[in-house]
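Everything on this sheet refers to the single structure shown next.
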Amino acid sequence: MLQRLVQFNTVNPPGNEEPAQQWLREQLGAAGFDCELLEATPGRPNLVARLGSGSDGPTLCLLGHVDTVLADATEWSVDPWSAELRDGYLWGRGSLDMKSQVAAEAAAALALVEEGWRPEAGELLLVFTADEETGASQGAQWLCREHPDRVRADLVVNEGAGAVLHYGDRRLYGVCVAEKGVFRFRVTTHGRAGHASVPRIADNALERMAPLLEALRTKRPPLELTPEPEAMIRALGHDPSDPERALEEVSAKDPLVGILLEAILGVSLAPTIMRAGEKINVIPSVAELDVDCRVPPELGEEHVLRAVRDVLGEDGYELEFIDAVAGNRSPVDTPLMDAIGRFVEREDPGAEVAPVVLPGFSDSHWWRRAFPDCVAYGFFPMSAMNAIEAYALIHGPDERIPIADLALAATFYADLIVETLR
Ligand SMILES: [Zn+2]
């Protein structure tokens, strides 16, 4: 199934998800699922497949998106849409993010139904969205807003974590329980234009940007101990009461884990785009710097502004938000977390489960926002490939997944379905 899914080119933009969604609908429809394709834009449907029991019980939603980011074939060792099997891996764009999970979820459900299994209570929902990679306005965001009755769920399992993290002699499987908010902003400096041959006749807005850029390079907002990094520091075996010291200890033991931990310990600021001047002989009167900023769940603009002033100071620039979406979270202690813990203990005795916050963004956000009582986690277990290796391949060249991990994940989804809907 994953090979076939990778072979549908669903690079977003433009997405063109319809052929992949039609194919999934055929598989699930033939097995007895009630299938609907719901689209905000022609050619970009979302698939909702439902298998009910007729009796009361939880709705378990296995979620995934079928679009991918682009791939530059010249940087790859294989054709990114070949889905080639080589060296125990399946190669291709989307093989990790996240056609793998779509395939594992669908394969788990189809295998159960083929064996004659049906839910005894509640219902099973498979929801495969379009348009996750560019903001979900045609996908999950639209689906949860326009068709809440079709996608309402008590439990949601989506992407976000699950690959093993080796840390010293510990093995941790992350469960993504929250996502950071996105508060992108533009910093503008103003000066006065003038002829570049007499520099001091003017006031160069680009030079006024220099101290701000330098501040972003050398300072960071204060570390903040929200529940998710606190749980992660504990899971790593350190004391979270002093986050500064905990980060130093973790970084000394494993610099890469330190980098990941730092990204979730508060507001992060990353300058990404700069603009100034149009002619080489004219000193620019305006300069702009766009900053990607990620914020711990549930915190808003006021909080971001405090963190930004901490780094950039109060004066000498204007600030305007471009994007502002607060992150959200699900509770950590739930029966779903217990079920994941039992699976990990069974498959990898001695390993532990660690709740984590995703520094990025995923479709889980839209479910938590539309259905405040639902528990939405990101979990796709992988043990052959670890979290650091997976991070390095997602959105990059030579994206690939160990075939063994695909099987591990399918086993997890099948177990979860049977355990939840009885
Ligand atoms: Zn994804």
Among the residues of region 339-355, are any within 25 Å of residue 136 (Cα to Cα) and either touching a Phe, Trp or Tyr at 6+ places or on another chain (Cβ under 6 Å) or among the acidic types (Asp, Glu) (or both)?
no
For region 53-66, enumerate the residues that are part of a loop (DSSP other than H, G, I, E, B) and either more than 16 Å from the ligand (Cβ to nearest atom) or out of contact with any strand residue (DSSP E or B) (no Cβ under 8 Å at 6 or more places or on another chain) (or both).
53, 54, 55, 56, 57, 58
Which of the residues belonging to region 248-264 are surrounded by 20 or more Cβ atoms within 10 Å (Cβ to Cβ) and modelled with pLDDT of 95 or more?
250
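Considering 362, 383, which residue is of a type in the set (Ser, Thr, Tyr), under 30 Å from residue 77 (Cα atoms) and in contact with a Lys or Arg (Cβ under 9 Å, 6 or more places away or on another chain)? I'd like the intermediate steps shown before the answer.
Working: 362 fails: in contact with a Lys or Arg (Cβ under 9 Å, 6 or more places away or on another chain).
Result of the check over 362, 383: 383.
If you scan region 36-47, which residues turn out to be out of contact with any Cys (no Cβ under 7 Å at 6 or more places or on another chain) and either in contact (Cβ under 8 Å) with a residue 12 or more places away in the chain or not in a loop (DSSP other than H, G, I, E, B) (or both)? Explain how you work it out, then say what you get.
Residues of region 36-47 out of contact with any Cys (no Cβ under 7 Å at 6 or more places or on another chain): 36-46.
Result: 36, 37, 38, 39, 40, 41, 43, 44, 45, 46.
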Residue 204 - would you say it is of a type in the set (S, T, N, Q), in contact (Cβ under 8 Å) with a residue 40 or more places away in the chain and within 16 Å of the ligand (Cβ to nearest atom)?
no
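Among the residues of region 86-100, what is the count of those that are away from the ligand (no atom under 14 Å from the Cβ) and either in a helix (DSSP H, G or I) or crowded, with 21+ Cβ neighbours inside 10 Å (or both)?
So the count comes out to 4.
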Does residue 104 count as farther than 21 Å from residue 163 by Cβ, small (Gly, Ala, Ser), out of contact with any Cys (no Cβ under 8 Å at 6 or more places or on another chain) and surrounded by 14 or more Cβ atoms within 10 Å (Cβ to Cβ)?
no
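Only residues that are within 16 Å of the ligand (Cβ to nearest atom) and touching a strand residue (DSSP E or B) at 6+ places or on another chain (Cβ under 6 Å): list them for region 386-403, please.
Initially, region 386-403 is screened for residues within 16 Å of the ligand (Cβ to nearest atom), giving 387, 390-396, 399-401.
Passing the criteria: 387, 390, 400, 401.
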Selection from region 165-207 of residues part of a strand (DSSP E or B), loosely packed, with under 15 Cβ neighbours inside 10 Å and in contact with a helix residue (DSSP H, G or I) (Cβ under 7 Å, 6 or more places away or on another chain) yields 190, 195
Selected residue [of a type in the set (Gly, Ala, Ser), away from the ligand (no atom under 16 Å from the Cβ), in a helix (DSSP H, G or I) and farther than 23 Å from residue 375 by Cβ] from 83, 111, 103:
111
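Only one of 278, 228, 224 is within 22 Å of residue 311 (Cβ to Cβ) and either of a type outside the set (Phe, Trp, Tyr) or at pLDDT below 95 (or both); which?
On the way: 278 fails: within 22 Å of residue 311 (Cβ to Cβ); 228 fails: within 22 Å of residue 311 (Cβ to Cβ).
The match here is 224.
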Taking into account only those residues within region 67-80 that are assigned to a loop (DSSP other than H, G, I, E, B) and more than 10 Å from the ligand (Cβ to nearest atom), which is surrounded by the fewest Cβ atoms within 10 Å (Cβ to Cβ)?
72
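The values are calculated or read from the model by the stated rules, or taken from the named source; none is laboratory data. Because the structure is a prediction, the values reported are computed rather than measured. Virtual Cβ from ideal backbone geometry, glycine too; neighbours counted across all protein chains shown.
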